[in-house]
Each structure stands twice: as structure tokens, then as C-alpha cells.
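The values are calculated or read from the model by the stated rules, or taken from the named source; none is laboratory data. Treat the numbers as computed from the prediction; the structure is a model and nothing was measured. Reconstructed Cβ throughout: ideal geometry from the backbone, glycine too, with neighbour counts over all protein chains shown. SASA here: full protein model, heavy atoms, side chains in, ligands and nucleic acids out. Shrake-Rupley method; radii C 1.70, N 1.55, O 1.52, S 1.80 Å.
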Amino acid sequence: MPVDSVSIEGLSFAYQGNQVLRDITCDIRQGDYVGIVGHNGSGKSTLIRCILGLNRIEHGRISLLGVPQPAFTAWDRIGFLPQGLQLFNPNFPATVEEIVRLGRLSKKRFPRRFHVSDSEAVERALVLMGISSLGKRLIGELSGGLRQRALLARALVNEPEILILDEPTTALDPDTREHFYSTVRDLNVNRGTTILLVTHDASTIGLYASKLLYLDKRILFYGTFEEFCCSPNMTQVFGHHGQHLICRRH
Ligand code: ADP
């Protein structure tokens, strides 16, 4: 039987008594592309932080790739691109290659040394992102779109089974955003990478995700896009724009 990529059961979470997640239960299967939507403050990033073990869970359980999260150590099997466009001073003294290579550290124990296999993995990730010619460039010199591709290359350098993206395209122009999303879709389709994508970009998520998780502290909807389109929650999330999305998708 295939193992779920992420399994969440009865998860509740509060920051200093302020409850942000309530009784979240859902299974994300291998190869799913889940768009996580909801208004500002609905708990999307908090959920991601709980999945990644960055928030200590007191109520509920999370399993990653079949392993209960407290015992999970294979973090190199999960790629993460955090929220927003990371800003770098133009003179920040690290090249694209060096930034991507940092993604290999999660595979290593002390003493952390890089080997030929690390350089090969970096090269593969740069090729995959179409930026192999930029390896020696300083990260701070790149445009926003290219920088985001470099950071995605870092998230992908271990060829993770799960890729988690938190609002990755907020600062990108529409063309760069579209390119970014089609790259992520190719990973999902061609490699079977499970994708969890937090976004405000409703018009795009409808085109790419296979499932939607609609959050407002608790889960208001979780299921396929087609099921969502037939549900009363659709207009709450997308308004009348939702109908337009369905037309574009089919
Ligand atoms: P979203 O990603 O949906 O915008 P968040 O998960 O970032 O929502 O935030 C959910 C709620 O938790 C918000 O009210 C936010 O102010 C609060 N919050 C987020 N991070 C912290 C934190 N580190 N400490 C206290 N409150 C926080």
C-alpha cells in the first residue's frame, strides 16, 4: 500500500494561547499537488511550520513519508522554499552554486564536507531550473525571477519527494510567475514529486493544483479541484472568478 506523503490527524496549534489551527485532519498522498488557500492569518504558514517541525506540536499527530514526525530525520527528502522573495545585497558574497550547495547540508553529519557527488547534484539542480550558466554569478546580482529559480534549485538539490512552497511567487512579475508554476507542475507530473503550495494566487492555483486545502484555522474544504468547484465554498474563496477558473481548466 502506498505511504502518504503527509498525514495529519487532529492537529491543533496555538501561539501563546491564541489558537491558530483547530483539529486539522488530512492525508496528502504521493504525487498530489495541493494548493493551500485561505485569507491572511488563516493559519497556512503555521500549518507548514508544523509539518516541517518548526512549531512544536502539542495536540495531534503528523507523519511524514510514513514516519511519525518526532522520529522523522530524513529532512533531505523534503524540499522547502520559504515565504517571500529572499533579499540579498548585490554584494552578498555567495554564488548561485554555493547557495544551492547549502541545500546538501541536510544530508550530512559532522564533519560536513562536500564531495564530487554534491557538485554533481548542484549541477543537476541548476540544469533542471535552466540556470546552469549562472552558477558562478553572485546571488544578489540576479533578477527576482532568477533568484527565485536559484532558491528553488536549492530546495530541489536532494531530489526531494515532497516540495513545500510558501507563497513563492509574491514578488514575481506575471511571466516569471507562470514560468515558475510550470516548472513546479513539471516536477509533479514528470517526477511524481508531491507539492504543497501556499498561495494567494487563486487564478493560478486553479490551473495547476490537483487538490485544494481551504483553511480558516480549521479545514473548510479538502479535496480535488473538481469536487471543490461543485461545493458551496467555491464562491467564498474565489467569488465569481471561480466560474472563470473552471472554464479555463476544462
Ligand atoms: P497565513 O499564513 O494564513 O497568513 P499565519 O499562519 O502566518 O497565517 O498566521 C496565523 C495567525 O497566527 C495570525 O493571526 C498571526 O498573526 C499569528 N502568528 C503567526 N506567527 C506567529 C508567531 N510566531 N507568534 C505569534 N503569533 C503568530
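Candidates ARG112, ARG149, ARG104: the one that is of a type in the set (Lys, Arg) and either within 16 Å of the ligand (Cβ to nearest atom) or at pLDDT 90 or above (or both) is ARG104.
State whether the residues of region 42-58 include one that is away from the ligand (no atom under 13 Å from the Cβ), in contact with a Leu (Cβ under 9 Å, 6 or more places away or on another chain) and more than 26 Å from LEU102 (Cα to Cα).
Within region 42-58, the first condition is being away from the ligand (no atom under 13 Å from the Cβ), and the residues that meet it are 53, 57-58.
Then drop every residue that is not in contact with a Leu (Cβ under 9 Å, 6 or more places away or on another chain), which leaves 53, 57.
Subsequent filtering for residues that are more than 26 Å from LEU102 (Cα to Cα) retains 57.
Among the residues of region 42-58, at least one is away from the ligand (no atom under 13 Å from the Cβ), in contact with a Leu (Cβ under 9 Å, 6 or more places away or on another chain) and more than 26 Å from LEU102 (Cα to Cα), which makes the answer yes.
Inspection of region 61-79 finds no residue satisfying the criterion of being open to solvent by 10 Å² or more (accessible area, probe 1.4 Å), over 17 Å from THR199 (Cβ atoms), out of contact with any helix residue (DSSP H, G or I) (no Cβ under 8 Å at 6 or more places or on another chain) and within 16 Å of the ligand (Cβ to nearest atom). Please find, within region 18-41, the residue that is surrounded by the most Cβ atoms within 10 Å (Cβ to Cβ) out of those that are among the small types (Gly, Ala, Ser) and more than 10 Å from the ligand (Cβ to nearest atom). Among them, the one singled out is GLY35. Restricting attention to region 179-226, the residues that are away from the ligand (no atom under 16 Å from the Cβ), at pLDDT below 85, closer than 16 Å to TYR33 by Cβ and not small (Gly, Ala, Ser) add up to 5. Restricted to region 126-178, and to residues there that are without any contact (Cβ under 8 Å) to a residue 40 or more places away in the chain, assigned to a helix (DSSP H, G or I) and polar (S, T, N, Q), the residue that is farthest from VAL3 (Cα to Cα) is SER133.
Consider region 99-115 and keep the residues that are in contact (Cβ under 8 Å) with a residue 24 or more places away in the chain and open to solvent by 40 Å² or more (accessible area, probe 1.4 Å). The one that is nearest to GLY135 (Cα to Cα) is ARG101.
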